[in-house]
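Heads up, the thing below is written out as structure tokens.
The values are calculated or read from the model by the stated rules, or taken from the named source; none is laboratory data. Values in this document were obtained by computation on a predicted structure and should not be read as measured data. All Cβ positions, glycine included, derive from the backbone under ideal geometry; neighbour counts span all protein chains shown.
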Number of protein chains: 2
Amino acid sequence: MDIKKIERISRALSDTNRIAILQQFKKKKDCLYCAEVNDLLDLTQPSVSHHLKQLVDADLLLPQKEGRNLKYILNQQVLDDYIASLNELKD
Amino acid sequence: MDIKKIERISRALSDTNRIAILQQFKKKKDCLYCAEVNDLLDLTQPSVSHHLKQLVDADLLLPQKEGRNLKYILNQQVLDDYIASLNELKD
DNA sequence: TAGAAATATTCAAATATTTAAATACTAAAA
DNA sequence: TTTTAGTATTTAAATATTTGAATATTTCTA
């Protein structure tokens, strides 16, 4: 993973609201709906949309349209790659 | 690791200059001198000092004074804890 | 002790991020 | 087809970050 990608993902993770979104996947298991994220955070809908966009732009979340709803899936592969890059710092 | 700590470390990692500093540890092995970081980055000394401070404040680097020089050690424990927190997102 | 070397701090300017209000878009439902 | 629900975009304000110039601090050395 190149340094720009590491930067992008790190920045996506550098906000408690976005970390809370990711942590919610542990509870909701496989997927999370946009509306659920709006309920989860104490922010207006546009702000939540902005945070979700950051996570999607970093490829941490994969969006999937379902009619007028939007479902997100955690991109475990990118998370694994990011973790692998961090592990490489340690040798 | 609490959410605020994850945020802090992620933010410290969200800059290519700071990532480059951490990557330099792989080449210099155990420790890195402040002056070496100044040489590494194409920034003025105060800017480098600022970046190093971010890494120290996130506990990713442990500073050690050696006379008027300053030596940094990579805090592998914090890095491990951070990685563990990221791994927890995946279950 | 005076001067030099290494690092930190202060300050200001430029840029980026976060947030919400207003509005637009898209797709389902009435 | 009009309305409604869900999500995105635009805009602007507040705040935070990044950077370098100037300066301060600390510690070594002559």
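Quick test of your reading of the structure: B:Gln77 fulfils all but one of (1) at the interface with chain A (Cβ under 10 Å from one of its Cβ atoms); (2) at pLDDT 95 or above; (3) more than 13 Å from DNA strand C (Cβ to nearest atom). Name the failing condition by number.
(1)
Looking at segment A:81-91, which of the residues that are within 8 Å of chain B (Cβ to nearest Cβ) and either of a type in the set (Asp, Glu) or in a helix (DSSP H, G or I) (or both) is nearest to B:Leu32 (Cα to Cα)?
Step one: list which residues in segment A:81-91 are within 8 Å of chain B (Cβ to nearest Cβ), which gives A:82-83, A:86-91.
Then drop every residue that is not either of a type in the set (Asp, Glu) or in a helix (DSSP H, G or I) (or both), which leaves A:82-83, A:86-88, A:91.
On the way: A:Tyr82: 24, A:Ile83: 23, A:Leu86: 18, A:Asn87: 18, A:Glu88: 17, A:Asp91: 14 Å.
Once the filter is applied, the top-ranked residue is A:Asp91.
Do you know which residues across segment B:16-33 are surrounded by fewer than 18 Cβ atoms within 10 Å (Cβ to Cβ), within 13 Å of DNA strand D (Cβ to nearest atom) and of a type outside the set (Val, Ile, Thr)?
Across segment B:16-33, the qualifying residue is only B:Ala20.
So A:Pro63 ticks every box in (1) within 16 Å of DNA strand C (Cβ to nearest atom); (2) within 13 Å of chain B (Cβ to nearest Cβ); (3) farther than 12 Å from A:Leu22 by Cβ; (4) not aliphatic (A, V, I, L, M) but one. Which box is left unticked?
So A:Pro63 meets the others, but not (2).
Looking at A:Val48, A:Val37 in this structure, which one is over 24 Å from B:Asn87 (Cβ atoms) and crowded, with 16+ Cβ neighbours inside 10 Å?
Details: A:Val37 fails: over 24 Å from B:Asn87 (Cβ atoms).
When all the criteria are applied, what remains is A:Val48.
Among the residues of segment A:50-78, write down those that are within 7 Å of DNA strand D (Cβ to nearest atom) and either under 22 Å from B:Glu88 (Cβ atoms) or without any contact (Cβ under 8 Å) to a residue 12 or more places away in the chain (or both).
A:His50, A:Leu52, A:Lys53, A:Pro63, A:Arg68
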